[in-house]
1. Pairs under 7 Å by beta carbon, first residue touching a residue at least 12 places away in the same chain (Cβ under 8 Å) in region 150-177, partner of a type in the set (Lys, Arg) and not in a helix (DSSP H, G or I), six or more apart or different chains?
2. Which members of region 67-91 meet the condition of being more than 19 Å from residue 31 (Cα to Cα) and either open to solvent by 40 Å² or more (accessible area, probe 1.4 Å) or assigned to a helix (DSSP H, G or I) (or both)?
3. Looking only at region 21-55, count every residue that is open to solvent by less than 20 Å² (accessible area, probe 1.4 Å), of a type outside the set (Val, Ile, Thr) and touching a Ser or Thr at 6+ places or on another chain (Cβ under 6 Å) and tell me the total.
4. Output the number of the condition that residue 38 fails; it satisfies all remaining conditions of (1) out of contact with any helix residue (DSSP H, G or I) (no Cβ under 9 Å at 6 or more places or on another chain); (2) within 23 Å of residue 136 (Cα to Cα).
5. Which pairs do you get when a residue that is within 16 Å of residue 58 (Cβ to Cβ) and in a strand (DSSP E or B), found in region 17-41, comes within reach of a residue that is open to solvent by less than 10 Å² (accessible area, probe 1.4 Å) and acidic (Asp, Glu), reach meaning Cβ atoms under 6 angstrom, with the pair 6+ apart or on two chains?
6. Looking at region 58-80, which of its residues are free of Cβ contacts under 8 Å to residues at least 40 places away in the same chain and either at positive phi or not polar (S, T, N, Q) (or both)?
7. For the list (1) within 25 Å of residue 142 (Cβ to Cβ); (2) under 17 Å from the mean Cα position of the chain (by Cα), I need the number of the one condition that residue 27 fails.
8. Starting from region 1-13, take each residue that is closer than 15 Å to residue 24 by Cα and open to solvent by 10 Å² or more (accessible area, probe 1.4 Å) and list its partners that are assigned to a loop (DSSP other than H, G, I, E, B) and aliphatic (A, V, I, L, M), counting only C-beta distances under 9 angstrom and pairs at least six apart or across chains.
Amino acid sequence: MKGLIIFSHGMEDNEALSTLALLRRAGMHIDSVTKEPDLYVKTGFGITVKADYHLHDIKLSNYQFLIIPGGGYVAKVIDQADYIYDLIKAFRKEDKDIYAICAAPRFLGRLGLLDNLDFTAFPGSEEDAKLGHYLASKKVVVTPRIITARSAGAVIDFVYQIIKKNQDEALSKSLINNIMY
């Protein structure tokens, strides 16, 4: 299994970087991608990181799932983030999984992908998914093709579910034990 995580200016540090690090720690192949020409992205808390690839340098067919971190950038780009919407649509067209955390489920909600589904998100983000079933008290919600998580505080549970879905639960439990969660 090979996954793709979107790096955007203003992404929440923990949701992007910890998710990537923990999935790689579990032995999963995850590539980071950005639309920034120099590959450098500044996180919501001012850390500059370099993505693995530019969006135009990858083949989406090489990836089985997409991860979208949340953060303050979502509110700023929700109406003009065509590249994020295009990635989501491409993965959905191929019936591939999409995993979104914090405010990132707003993108899925705007596309109607959460209609009639249980989901969670950062409080207030549910407004973009009025036809979905918002579960505010859940840290992570797993559906057949979409995993959503509530916030930066749910990263470990989010990663656990991604590993469980794409590898197996034994590997998820091994990671949890390894990091002494």
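The values are calculated or read from the model by the stated rules, or taken from the named source; none is laboratory data. Keep in mind it's a predicted model, so treat the numbers as computed, not measured. A quick note on method: Cβ atoms are made from the backbone with ideal geometry, for glycine too, and the neighbour counts reach across all protein chains shown. Keep in mind that these areas ignore ligands, DNA and RNA; they rest on the heavy atoms of the full protein, side chains included. Shrake-Rupley method; radii C 1.70, N 1.55, O 1.52, S 1.80 Å.
1. 150/138; 150/139; 154/139; 157/139
2. First, the residues of region 67-91 that are more than 19 Å from residue 31 (Cα to Cα): 71-82.
72, 73, 74, 75, 76, 77, 79, 80, 82 - these are the residues of region 67-91 that are more than 19 Å from residue 31 (Cα to Cα) and either open to solvent by 40 Å² or more (accessible area, probe 1.4 Å) or assigned to a helix (DSSP H, G or I) (or both).
3. In the first step, residues of region 21-55 are kept if they are open to solvent by less than 20 Å² (accessible area, probe 1.4 Å); the result is 23, 26, 28, 30-34, 41, 43, 51.
When the remaining residues are screened for being of a type outside the set (Val, Ile, Thr), the result is 23, 26, 28, 31-32, 51.
In the following step, the residues that additionally are touching a Ser or Thr at 6+ places or on another chain (Cβ under 6 Å) were identified as 51.
The number of residues fulfilling the criteria is 1.
4. If we test residue 38 against (1) out of contact with any helix residue (DSSP H, G or I) (no Cβ under 9 Å at 6 or more places or on another chain); (2) within 23 Å of residue 136 (Cα to Cα), just (2) comes out false.
5. From residues that are within 16 Å of residue 58 (Cβ to Cβ) and in a strand (DSSP E or B), there are no pairs.
6. Let us first name the residues in region 58-80 that are free of Cβ contacts under 8 Å to residues at least 40 places away in the same chain, namely 59, 61, 75, 79-80.
The answer is 59, 75, 79.
7. Against the list (1) within 25 Å of residue 142 (Cβ to Cβ); (2) under 17 Å from the mean Cα position of the chain (by Cα), residue 27 comes up short only on (2).
8. So the pair list comes out as 1/28; 2/28.
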